[in-house]
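Engineer: Following this message is one structure expressed as structure tokens.
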Amino acid sequence: MTRWWDNGNDAIAFGRGAEGYVVLNDESVALTGRSFQTDLPAGVHCDVIHGDYAAGQCTGPTYTVDASGWFRVDIGATDTLALHTAARVS
């Protein structure tokens, strides 16, 4: 587990090295405007919780990880997202 983050209550995030990153928000309010640093490669990654990834396409939301590993997220109350390298759109 890498890049652990928590808000001291019911929202956490963590990476699996350069393989993936998960954000879990079990709060009753949205988690907005939060940026997370990952070890993921730069590019556009599919949120595999809310979409399916196949043949380089994602049916759900995508997140752009910059060259330093950062991405920004707005995640609803009691929601989650998951990114991984095998679901990189570009």
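Engineer: Looking at the range 48-64 only, could you name the residues that are assigned to a strand (DSSP E or B), closer than 17 Å to V23 by Cβ and out of contact with any Cys (no Cβ under 7 Å at 6 or more places or on another chain)?
Structural biologist: Within the range 48-64, Y63, T64 qualify.
Engineer: Also, I was wondering about something else. Find the residue count for the range 15-42, including only residues that are over 12 Å from I75 (Cβ atoms), assigned to a strand (DSSP E or B) and among the aliphatic types (A, V, I, L, M).
Structural biologist: Matching residues across the range 15-42 total 1.
Engineer: Can you tell me which residue among A77, A67, A86 is surrounded by fewer than 19 Cβ atoms within 10 Å (Cβ to Cβ), assigned to a helix (DSSP H, G or I) and at pLDDT 95 or above? Quick ask: steps written out before the conclusion?
Structural biologist: Values: A77 fails: assigned to a helix (DSSP H, G or I); A67 fails: assigned to a helix (DSSP H, G or I).
Criteria check complete, one pass: A86.
Engineer: In addition: So H45 passes all but one of these: (1) outside any loop (DSSP other than H, G, I, E, B); (2) exposed (fewer than 13 other Cβ atoms within 10 Å of the Cβ); (3) not hydrophobic (A, V, I, L, M, F, W, C). Which condition number does it fail?
Structural biologist: (2)
Engineer: Just name the residue that is farthest from T2 (Cα to Cα) out of those in the range 45-84 that are over 11 Å from the mean Cα position of the chain (by Cα) and among the hydroxyl-bearing types (S, T, Y).
Structural biologist: T59
The values are calculated or read from the model by the stated rules, or taken from the named source; none is laboratory data. Fair warning: this is a prediction, and the values are worked out from it, not measured in the lab. Cβ atoms come from the backbone with ideal geometry, glycine included; neighbour counts cover every protein chain shown.
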